[in-house]
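The values are calculated or read from the model by the stated rules, or taken from the named source; none is laboratory data. None of the values given here were measured: they were computed from a predicted structure. Every residue, glycine as well, gets a Cβ built from its backbone with ideal geometry; the counts of neighbours run over all protein chains shown. Surface accessibility is based on the protein's heavy atoms, side chains included, excluding ligands, DNA and RNA. Shrake-Rupley method; radii C 1.70, N 1.55, O 1.52, S 1.80 Å.
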Amino acid sequence: MNIQRLLTEPISTKQLMQNLCQRLEDMEAKANYLTEYKTDTVKETIVRAEDAYAGMLMLPGTGGVKEFVGSPPCWLERRHNDNEFLWQLNRMTHWQDLLEGYSLTKDGKYAQKVVEELLGWIQVMKVPENLDEYPISYFSECNPLRALEIGIRAHKTWPLVLEHLGKTPYLTEFVLEQYLEAMYHQIRALRKVSPILWPKADHNHFLMECLGVLTTALYFPELREAEEWKNFAIDGIERCARAQLTEDGGQIEGCPSYHNGCMYWFGLAVLLSKRFGFTFSEEYMALYRKNLDYSIFSMRPTGKCVPVGDSHANYLATMAGVYGYFALEDMTWLGLASNLIDMDILCKEAEKYAWRALDIHKFYEGLESLKDKEYICEMPVTFGNKKLGQAILRSDWSREALCLLMTCRSPIQNFHAHIDLLSFDFTALGKSMVCDPGIFCYRDDDDRRMFKSTEYHSTIVIDDENQFEYQGSFQYGPQKAGYIDLVEEREGYSVASGIHYNYGSVVHRRYLALVDKRFVLILDKLSGLEKNDVKRYFHLDYTDVKVCEAYTVGKDAVANLAVYTYPLQKPELLPGRLSDVNDVARPATRLLYGGTYSGEQWFVTVLMPYKNYQPEVTIGQWKEVDKGYEICCGDTYLVEIIGEDIKVTKKTR
């Protein structure tokens with residue numbers, strides 16, 4: 001194989017190998033540290049490596065369990081009617097476990113397995129030299145050479161082969177030549193098609209694809225196009241920051257899981273700049289720092305992120321904090337996360353990224369320091385980002401806090417959004433209570449349709465129609481305006497409101513108020529009704545739900561939730577599902593309050609969380625004002641509607 005034709009100067013493969021090895025990190029030193037000080041981590045890594053060696057992988061479509069994918073893997077097989085199975089298999093993320101297993105144990109079977117799979121994949125794919133001439137549509141289709149998979153392989157998994165095996169007998173000159181030939185043609189194509197696919201740089205895919213181009217150029221500066229690729233990728237990543245990182249904080253897609261992913265990807269770019277001697281702009285670094293805050297804002301008090309849109313309720317804020325530390329040498333975000341996440345869980349999550357640390361000793365010292373240090377959170381308890389269409393209200397920054405996130409943005413930014421205008425997620429007293437359902441899957445099937453539907457979110461449905469048309473897993477019909485227009489902390493309460501026009505003549509405005517750090521007040525105003533069927537849904541994270549005469553209650557060992565409505569209604573109880581990981585959902589309960597209405601209609605809902613004693617709540621008209629309500633729950637609260645605003649006052653005794 002004549003890889004010299006790919007190089008600026010026709011140096012030998014032996015010389016190329018020597019050059020490469022000078023750029024690699026000292027993985028043996030990292031392995032020695034882990035072996036000496038982190039024996040539990042080593043044992044867990046070896047267990048995962050054994051599963052990967054046996055071909056047992058958990059992928060989209062496998063139902064949340066590991067499944068045999070073949071030996072060699074079935075690179076071209078699309079199982080379970082799920083494109084993501086093929087795509088994610090071809091990201092080779094299981095190589096990380098195999099390679100770390102090799103570095104920790106020096107058991108050659110792990111290294112040999114990776115090399116065999118690498119060469120086998122190259123033989124199966126036969127990456128064509130004219131890949132860059134393929135139709136643009138090819139790079140979005142279900143095949144291993146989709147643009148995103150090229151980008152992920154190039155920045156995340158294939159370089160690990162170089163890092164862990166570069167100074168061992170397993171990375172022979174032949175293997176290096178095969179690697180470089182296959183990667184070169186993939187990156188050459190990616191450099192051409194990625195900016196065509198994402199001309200506005202406003203999608204996480206473009207960021208990962210630029211990282212793939214950048215990583216290849218940095219590891220192999222001898223390539224003819226390396227300098228141009230490097231400049232293109234740095235500029236592209238800068239463009240991504242400007243297009244995706246909002247001034248108020250929060251990645252433009254509005255999905256906390258993807259936001260945390262972007263904190264990893266933007267942080268990884270900075271980590272690469274430290275290793276390879278270049279810099280990003282001051283604007284980039286300031287945007288990155290500001291957006292790390294959103295990783296904290298979007299956490300439930302339980303430590304998991306709110307699963308708005310295509311998100312999972314997980315601990316990925318830890319990953320954001322780790323890369324914030326790697327990029328900025330600042331433990332602040334990990335420290336703030338540790339206020340909400342159990343320290344054992346946080347450390348276990350953080351250790352997943354330890355091999356990326358430039359100084360593994362310092363990284364673990366930083367983690368240890370969190371155990372003895374209290375991070376005082378000075379961030380505000382309200383957060384609003386009109387560009388994302390999100391409002392977050394919380395009573396305080398404790399694990400027992402009451403916390404709400406409401407979302408309303410249409411037209412949507414991209415198809416990771418759900419049909420969830422004016423829906424909300426509520427956590428209190430250490431328990432998720434009213435929940436966004438999460439992703440469940442990306443397959444274009446009934447599960448995907450349901451988890452994205454309006455009725456699976458805690459909002460209002462008119463005439464049994466979605467707020468806008470679901471046309472497929474990543475396709476919607478036209479949308480009208482919907483937005484958040486108020487987020488404010490006031491004396492005794494905080495409030496957020498939004499409005500949307502997606503039901504034609506029927507307009508929905510919703511107010512959410514967190515009152516006296518005790519309960520949630522929801523005011524829904526519907527105007528333009530003409531004998532329309534109105535259904536109000538609340539997706540509860542409870543299976544023990546009882547409908548009583550004056551309220552409905554969900555009970556759990558951690559904390560309970562009582563739901564009161566005005567006008568008084570008894571809900572229908574419907575099955576619900578909440579998903580924290582792909583293809584797995586736990587049972588839940590949806591409350592449905594229904595009726596037929598005309599003209600203007602107001603609905604009042606009070607969510608009262610409690611642990612032991614259930615407060616008695618009554619809701620009635622406040623007759624001393626044109627439009628208002630009186631809520632009694634031991635104390636009395638007066639709610640007045642003033643134009644397009646509300647005022648909540650605690651009545652003095």
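When you scan the stretch 334-350, how many residues do you find that are open to solvent by 10 Å² or more (accessible area, probe 1.4 Å) and farther than 11 Å from LEU316 by Cα?
Kept after step one, since they are open to solvent by 10 Å² or more (accessible area, probe 1.4 Å), are these residues of the stretch 334-350: 336, 338-339, 342-345, 347-349.
So of that shortlist, the ones also farther than 11 Å from LEU316 by Cα come out as 336, 338-339, 342-345, 347-348.
Residues flagged as open to solvent by 10 Å² or more (accessible area, probe 1.4 Å) and farther than 11 Å from LEU316 by Cα within the stretch 334-350 amount to 9.
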Residue pairs meeting the criteria (Cβ under 6 Å; at least 6 apart or on separate chains; first closer than 20 Å to GLY254 by Cα, in the stretch 370-385; second of a type in the set (D, E, K, R)): VAL381/ARG394; THR382/GLU489; ASN385/ASP248
Where a residue in the stretch 152-165 is within 16 Å of HIS94 (Cβ to Cβ) and its partner, wherever it lies, is small (Gly, Ala, Ser) and at pLDDT 95 or above, with Cβ under 6 Å and at least six apart: HIS164/SER103; LEU165/ALA111
THR596 touching a strand residue (DSSP E or B) at 6+ places or on another chain (Cβ under 6 Å) and surrounded by fewer than 19 Cβ atoms within 10 Å (Cβ to Cβ): yes
Filter result for the condition that a residue is part of a helix (DSSP H, G or I), at pLDDT 95 or above and of a type in the set (Gly, Ala, Ser), over ALA189, ALA201: ALA189
Among residues of the stretch 540-561, those that are touching a residue at least 40 places away in the same chain (Cβ under 8 Å), open to solvent by less than 40 Å² (accessible area, probe 1.4 Å) and of a type outside the set (S, T, N, Q), counted: 8
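So which residues in the stretch 143-197 are polar (S, T, N, Q) and open to solvent by 10 Å² or more (accessible area, probe 1.4 Å)?
Pass one, the stretch 143-197, residues polar (S, T, N, Q): 143, 157, 168, 172, 178, 186, 194.
Within the stretch 143-197, ASN143, THR168, THR172, GLN178 meet the criteria.
So, ARG577, is that one open to solvent by 40 Å² or more (accessible area, probe 1.4 Å) and touching a Cys at 6+ places or on another chain (Cβ under 9 Å) or not?
Details: open to solvent by 40 Å² or more (accessible area, probe 1.4 Å): yes; touching a Cys at 6+ places or on another chain (Cβ under 9 Å): no.
When the stated conditions are applied, ARG577 does not pass them.
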Hits in the stretch 605-640 (condition: out of contact with any Lys or Arg (no Cβ under 8 Å at 6 or more places or on another chain), among the polar types (S, T, N, Q) and farther than 11 Å from ALA562 by Cβ): ASN612, THR618, GLN621
Close pairs from the stretch 266-287: first under 25 Å from ASP248 (Cβ atoms), partner outside any helix (DSSP H, G or I), Cβ under 6 Å, at least 6 apart: LEU287/LEU245
Residue within the stretch 221-234 that is modelled with pLDDT of 95 or more and closer than 16 Å to GLY267 by Cα present: yes
Odd one out for PHE426, checked against (1) crowded, with 23+ Cβ neighbours inside 10 Å; (2) closer than 30 Å to SER140 by Cα; (3) within 22 Å of the chain's Cα centre (by Cα): (2)
The listed residue being without any contact (Cβ under 8 Å) to a residue 24 or more places away in the chain and of a type in the set (D, E, K, R), out of GLU67, GLU129, GLU84, GLU117: GLU67
Breaking point among (1) modelled with pLDDT of 95 or more; (2) more than 20 Å from LYS274 (Cα to Cα); (3) within 19 Å of the chain's Cα centre (by Cα); (4) surrounded by 20 or more Cβ atoms within 10 Å (Cβ to Cβ), for GLN413: (1)
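Listed residues LEU34, LEU6; which is of a type in the set (A, V, I, L, M, F, W, C), farther than 30 Å from ARG224 by Cα, surrounded by 18 or more Cβ atoms within 10 Å (Cβ to Cβ) and in contact (Cβ under 8 Å) with a residue 40 or more places away in the chain? Working first, answer last.
Values: LEU6 fails: farther than 30 Å from ARG224 by Cα.
Answer to the check: LEU34.
So which residues in the stretch 632-646 are part of a strand (DSSP E or B) and closer than 23 Å to ILE499 by Cβ, if there are any at all?
Within the stretch 632-646, the subset part of a strand (DSSP E or B) is 632-633, 635-642, 645-646.
The answer is VAL639, GLU640, ILE641, ILE642, ASP645, ILE646.
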Any chance TYR325 is surrounded by 21 or more Cβ atoms within 10 Å (Cβ to Cβ), part of a helix (DSSP H, G or I) and either of a type in the set (Ser, Thr, Tyr) or in contact with a strand residue (DSSP E or B) (Cβ under 8 Å, 6 or more places away or on another chain) (or both): yes
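Hey, which of the helices (runs of 4 or more DSSP H) in the stretch 44-125, taking only ones fully inside, have at least 3 residues that are of a type in the set (S, T, N, Q)?
Numbers: elements: 83-89, 94-105, 108-125.
Once the helices (runs of 4 or more DSSP H) in the stretch 44-125 are filtered for at least 3 residues that are of a type in the set (S, T, N, Q), what remains is 94-105.
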All positions within the stretch 295-308 that are assigned to a loop (DSSP other than H, G, I, E, B), farther than 9 Å from SER257 by Cα, touching a helix residue (DSSP H, G or I) at 6+ places or on another chain (Cβ under 9 Å) and not basic (Lys, Arg): SER298, GLY303
In the stretch 102-142, residue surrounded by the most Cβ atoms within 10 Å (Cβ to Cβ) [restricted to those that are β-branched (Val, Ile, Thr) and more than 14 Å from ASN90 (Cα to Cα)]: VAL115
Failed criterion for MET450 (all others in (1) within 19 Å of ARG509 (Cα to Cα); (2) open to solvent by 30 Å² or more (accessible area, probe 1.4 Å); (3) of a type in the set (A, V, I, L, M) hold): (1)
GLU25 being of a type in the set (D, E, K, R) and open to solvent by 60 Å² or more (accessible area, probe 1.4 Å): no
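A quick yes/no check of all residues on (1) modelled with pLDDT under 95; (2) within 37 Å of the chain's Cα centre (by Cα); (3) closer than 20 Å to GLY528 by Cβ:
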{"position": "TYR597", "(1), (2), (3)": "no, no, yes"}
{"position": "THR605", "(1), (2), (3)": "no, yes, no"}
{"position": "PRO615", "(1), (2), (3)": "yes, yes, no"}
{"position": "GLU624", "(1), (2), (3)": "yes, no, no"}
{"position": "GLY634", "(1), (2), (3)": "yes, no, no"}
{"position": "ILE641", "(1), (2), (3)": "no, yes, yes"}
{"position": "ILE646", "(1), (2), (3)": "no, yes, no"}
{"position": "THR649", "(1), (2), (3)": "no, no, no"}
Leading residue by the ranking (farthest from TYR353 (Cα to Cα)) among those in the stretch 216-259 that are part of a helix (DSSP H, G or I), open to solvent by less than 30 Å² (accessible area, probe 1.4 Å) and in contact with a Gly (Cβ under 9 Å, 6 or more places away or on another chain): ALA233
Residue under evaluation LEU526, criteria (1) over 31 Å from the mean Cα position of the chain (by Cα); (2) closer than 23 Å to ILE419 by Cβ; (3) open to solvent by 10 Å² or more (accessible area, probe 1.4 Å), criterion not met: (3)
One residue from GLN467, GLN479 being touching a helix residue (DSSP H, G or I) at 6+ places or on another chain (Cβ under 8 Å), under 21 Å from LYS387 (Cα atoms) and not aliphatic (A, V, I, L, M): GLN467
One residue from TYR564, TYR537 being free of Cβ contacts under 8 Å to residues at least 60 places away in the same chain, surrounded by 16 or more Cβ atoms within 10 Å (Cβ to Cβ) and assigned to a strand (DSSP E or B): TYR564
